[in-house]
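So the structure is just underneath, and the comments pick up after that.
The values are calculated or read from the model by the stated rules, or taken from the named source; none is laboratory data. Bear in mind the structure is a predicted one, so any value in this text is a computation, not a measurement. A quick note on method: Cβ atoms are made from the backbone with ideal geometry, for glycine too, and the neighbour counts reach across all protein chains shown. Protein only, heavy atoms only, side chains kept; ligands, DNA and RNA dropped before computing areas. Shrake-Rupley method; radii C 1.70, N 1.55, O 1.52, S 1.80 Å.
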Amino acid sequence: MNIRNLHVYAQPHWHADAIIAGDRVALTAFRDTLTRMLDGASSPATETLEAFTNDGEGYSLYVHLIETAVFDRLALPYTDEIAAEPEDSSRLQAYELRDMGKRSKPKGSGDG
């Protein structure tokens, strides 16, 4: 297996850029993950991509296909304190999508 070096940088605040940076192996795996998701899945669906940061730490990138009604309930993704979602927000948190994806995966399905 080739190492997938991928960084995902969130938007710090409104109108700031989000950045995905990776090597060819990682970006190809990301494209393939999106293709699998879009070619056959109906909403809701989850795909997972295993990747690494440049310090060698591994992580899972979850890609969720969701309905607009669910998207509208998501907490905002900003990371700066001035724009971040309040901790007591009633909006759906990203980890809740991840957990829903784990529960909805059929038994015996791989990580992709």
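Per residue, the chain exposes 71 Å² of accessible surface when a 1.4 Å probe is rolled over the protein heavy atoms with every protein chain present.
Over the chain, dividing the summed -39,500 (n - 2.57) contributions of all DSSP H runs of at least 4 residues by the number of residues returns a 222 nm mean residue ellipticity of -8500 deg cm²/dmol. Only Lys, Arg, Asp and Glu carry charge here, each on its Cβ (+1 for the first two, -1 for the last two); on that basis the chain has a dipole of about 580 debye about its Cα centre. Report the net charge of residues surrounding His7, where surrounding means a beta-carbon distance below 14 angstrom and charges are Lys +1, Arg +1, Asp -1, Glu -1. Summing Lys/Arg as +1 and Asp/Glu as -1 gives -3.
Counting 0.36 nm for each residue step from Glu87 to Leu38 and taking away their Cα separation leaves a gain of 14.4 nm. To put it simply, the accessible area of the chain at a 1.4 Å probe is 53 percent carbon and sulfur. Distance from the alpha carbon centroid of region 6-31 to that of region 35-85 works out to 11 angstrom.
For region 1-67, rounded, prolate or oblate, judged on the Cα gyration tensor with a ≥ b ≥ c (square roots of eigenvalues), a/c < 1.5 rounded, else prolate if a/b > b/c? Oblate. Convex hull of alpha carbon positions in the chain: directionally averaged projected area 8.4 nm².
Take the chain and mark each of the GluC sites (Glu not before Pro) that is in a DSSP loop with at most 14 other Cβ atoms within 10 Å; the longest unmarked stretch, sites excluded, is 1-56.
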